Amino acid sequence: QVQLVESGGGLVQAGDSLRLSCAASGRTFSSYAMGWFRQAPGKEREFVAAISWSGGGTYYADSVKGRFTIFRDNAKNTVYLQMNSLKPEDTAVYYCAMGSTGAPRFSFREYDYWGQGTQVTVSS
């Protein structure tokens, strides 16, 4: 049984940083792409960032490019999202997801497994 467990969310002020973690189990972590998505109240789930199985390829939504960094540690079965210069519009529940292949994808439909989400709230 695959499990993804996010941690690291919280309440911060605009301009602050947070690092989200997602620990995976139940599948060969190093074989699959990982992604981060977020969903704000009343909005659809949106792509934030994705990383290939090796970590050699990373992709970002335009809204977070230059501020967020996705990286992974395959030895620890963990993917991270480093979020800097946070803005109030980054407020959302953040979900990590495991892809169906090693190649990163932008659509949530191409991810097989999801974590329970972690709340990030950025105050102005």
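I'd like the Karplus ³J(HN,Hα) series for the range 112-124: coefficients 6.51, -1.76, 1.60, θ = phi - 60°, whole numbers in Hz, and an x wherever there's a Gly or Pro.
After applying 6.51 cos²θ - 1.76 cosθ + 1.60, I find 8, 10, 9, x, 7, x, 9, 7, 10, 10, 10, 8, 8 Hz.
Need one number: % antiparallel among DSSP beta bridges in the chain, to the nearest 5.
Around 90 percent antiparallel, to the nearest 5.
Which value in nm describes the separation of the simple spin-label points at residue 44 and residue 116, placed 7 Å from the Cα toward the beta carbon?
My value for the distance between the label points is 2.8 nm.
Give me the net charge of residue 29's neighbourhood, meaning all other residues with Cβ under 12 Å from the Cβ of residue 29; Lys, Arg count +1, Asp, Glu -1.
Charge balance near residue 29 sits at +2.
Values in this text are rule-based calculations from the coordinates and carry no lab data. Bear in mind the structure is a predicted one, so any value in this text is a computation, not a measurement. Counting neighbours? That spans all protein chains shown, and the Cβs are built from the backbone with ideal geometry, glycine included.
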